[in-house]
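Nothing in this text is a laboratory measurement; each read-out follows from the coordinates by a stated rule. A quick note: this is a predicted structure, and the numbers were derived from the prediction, not measured. All Cβ positions, even for glycine, are placed from backbone atoms using ideal geometry, and neighbour counts span all protein chains on display.
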Amino acid sequence: MAAQLDISTLESWLWDAACAIRGPVDAPKFKDYILPLVFLKRLSDVFDDELTRLAEEYGSRDIAVRIVEEERERGVIASGGGSVRFYIPEHARWSNIRKQTAGLGQYLTDAVRVVARENPRLQGVIDLVDFNATTAGQRIVPDEYLANLVDVLSRHRLGLKDVEPDILGRAYEYLLRKFAEGQGQSAGEFYTPREVAVLMARILEPKPGMTVYDPCCGSGGLLIKCHLRLLETHGEKENGHRRLPSKYAPLRLFGQEINPATFAMARMNAVIHDMEADIRLGDTMRKPALRDSAGHLMRFELVTANPMWNQDFPVDVYEHDSYERFRFGIPPASTADWGWLQHMLASLNDSGRMAVVLDTGAVSRGSGNQGSNRERDIRKAFVEADLIEAVLLLPENLFYNTTAPGIIIVINRKKRHPGEILLINASKLFSKGRPKNYLADKHIETIDQLYHEWKAEEGLSEVISKEKAARNDYNLSPSRYVAINDVEEVLPLEEAVVLLKETEEERTEADRELDEVLRTLGLVLERNES
C-alpha cells in the first residue's frame, strides 16, 4: 500500500490547484471553484473505496454495485443508512470527469448538481457554483483552466486509505487560510486563525458526548477544533492517527451561518473531517434556527464563537425578540457584541460554558463615562450575576479582517472560583509571521496553563474580585490590571470609532427624550392657559 499523504504534500498540491486558475480568477474567488472540486474528489474516491470493500466482502464488484444501486432506489443511502456514505452517480465520478475534453464547465456543473440531488444532505453544499458561469458575455473560468485544475487535482487519491480525515481537513483549512490572506477585510467572516481556535478548544476542554454550538460558525473551524481536541485528550493512536474509542461518544456539533457560500464551506469542512454536524443556514440574531419542539432555543453545554465584531443591528431586533434573549439590556445599534453574548448565554444550559472572541472594546467601552452606557450596563449585569470567568487579551495582527488584538471572554454558569475573574494579558505572547502574527505552541501552552491553574503571574495575569471590577466601573480590559513594561494603554482607532458612534446614538436618544419632555410641557402650558 502506498504511503498516506502528509500535510505538507497536500498543502503544496492544493496551492498548485489554486495556481491552475490564477489567471482568470481573483484570489478571493479561488475557493468558490476549488473547494467544491476537492470535496467532490474526496466523495468520489471514498465511494470507490467503499465499493471495493463491498466487493471484497461479497466476492464480486458487480454484486457490490447491485447492492448499492438497490439501496439507492429504496432511499436508504439518501437517509444516511446505507452501505456507502454518499451515492456518487456514474456521471460525477472522478474517473469520468478526467475523460472530458470539451464542455467541461457544464459537465462539472451537472456533476455537482446530480450529486446534490442524489444526496439531500449535500444540497446547498456542493451545488452552489456554476462552473460554466459568464460575465459580460465571457466565461469566468474557461474550459482550459478548468482542465488544468482537474489535472492537478487528479495527481493524488483522497480515499480512505490515502489520507486521514484530520490531515485532509488540515490541508483544507490551509487553503481557507490562504484564501483569507488574499481576501482581507471579509476574511474574518469565515475564518478564525487556527491557533486561536485551538486555544479556545483547550479552554473549553470538551468531554465525550457533549453538545457544542457556534451561532455564527463561518467555515466551521471552531467546532472542528473542539472535535480535534476531544481526539487529542480521549483518542487512541491507531496507525499513527488518533481515533475515538467506541466507549466514548463523539461530540454533538451544532452551528448556524448566514452566508450561503460560507455555510457550504462549513458543511464540506465537516464531511472532509469525517464529522457529523448539524449546521443550519440563516440569520441567527433575527431567526435562530436551532430550536426545540416547543419552539424554544436549544441549550448546549459548550458555545464557541467568533461573531463579526461591532456588527450593526437595529435596536428593534433586540426590543422585539420573541426568545427573551436580551434580559441584561438592549445593546447599542452600533455594536452587537453584547447582543451576541446574550444570545449565546440564552443558548447555554444551566452548567454551560462558552469562549467567545470579540473586539477589545467589548470589555471596556463606557466604563468611566458619566451617565449611563448600554454596553457598560450590560457588562455590569453580567459581572453582578457572576457569569464572567475570564478575559484574555490577544496579541495584535492575528486576525485577517483587522490588525486589532481582540479578546477571548469566557462565560461560565457554574464558575470554579465564584466571585473572581481571571484577566490574562497575552498581548506579547506571539511570533512574527507574514502577513500575520501567530500564537506558537508555547504561547498556547502558557495561556492554557494560566487559565486552568487559575494563576496570577506578574506581567501576565491577575485574579480580581467582583468588587474590584465594580470599583473600576466594570472595565475588564486585562491591560488595565496587568501592566507590561509600564506601557500606557492606548485607545485603538477602531474602538474610538465605535465609541463615537455610541455617543452619537446616545445623544440622538437624549434629544428625542428631551423633545418628548418639551412637547409634554408645551401641552401642559396650553391646558393651563386655556
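With angles folded into 0 to 90 degrees, how steeply does helix 441-452 sit against the dominant principal axis of the chain? Use alpha carbons for both and round to 10. Long axis of 441-452 versus the principal axis of the chain: about 50 degrees. One entry in (1) 3, 17, 26, 23, 16, 9, 4, 1, 1, 0, 0; (2) 3, 15, 21, 20, 15, 10, 7, 5, 3, 1, 0; (3) 4, 19, 29, 27, 15, 6, 1, 0 is P(r) over Cα pairs in 10 Å bins from 0, in percent calculated from the shown coordinates; its label is (1). Rounded to the nearest 0.05, the FRET efficiency derived from the C-beta distance between ARG53 and SER8 at R0 = 25 Å is 0.30. Between ARG252 and GLU445, what is the label-to-label distance in nm when each label sits 7 Å out along the Cα-to-Cβ direction? Between ARG252 and GLU445, the simple spin-label model gives 3.6 nm. Here is how the number arises for the chain: DSSP H runs of 4 or more residues each give -39500 (n - 2.57), the sum is divided by the residue count, and the result at 222 nm is -13500 deg cm²/dmol. Counting only alpha carbon atoms, the long axis of helix 194-204 and the longest principal axis of the chain meet at about 70°. Each Lys or Arg adds one and each Asp or Glu subtracts one; over the other residues with Cβ under 12 Å from the Cβ of ARG170, this totals -2.
Charge tally around LEU108: other residues with Cβ under 12 Å, Lys/Arg +1 each, Asp/Glu -1 each, net -1. The calculated FRET efficiency for ASP278 paired with HIS320, based on their beta-carbon distance and R0 = 35 Å, is about 0.80. Looking at the range 322-394, the GluC sites (Glu not before Pro) that sit in a DSSP loop and have at most 16 other Cβ atoms within 10 Å of their own Cβ are GLU324.
Once C-alpha pairs closer than 8 Å and six or more residues apart are averaged by separation and normalised to the residue number of the chain, the relative contact order reads 11 percent. Along the axis of the charge dipole computed for the chain (Cβ charges of +1 for Lys and Arg, -1 for Asp and Glu, origin at the Cα centre), the listed residues PRO288, SER83, TYR174 are led at the positive end by SER83.
You can think of it this way: the chain between ARG299 and ALA381 has 27.4 nm of extra reach, that is 0.36 nm per residue less the Cα-Cα gap. Under the combined filter of DSSP loop state and at most 13 neighbouring Cβ atoms within 10 Å, the range 318-367 retains these trypsin sites (Lys or Arg not before Pro): ARG327.
Cross-linked pairs LYS225/LYS436; LYS247/LYS466; LYS31/LYS432; LYS99/LYS178: Cα-Cα separations exceed 32 Å for LYS247/LYS466.
Restricting to DSSP loop positions (anything but H, G, I, E, B) with no more than 16 other Cβ atoms inside 10 Å of their own Cβ, which trypsin sites (Lys or Arg not before Pro) remain in the range 100-209? The qualifying sites are ARG155, LYS161.
Helix 337-346 versus the longest principal axis of the chain: what is the Cα-based angle in degrees, 0 to 90, to the nearest 10? Between helix and principal axis, roughly 70 degrees.
DSSP beta bridges fully contained in the chain are about 55 percent antiparallel.
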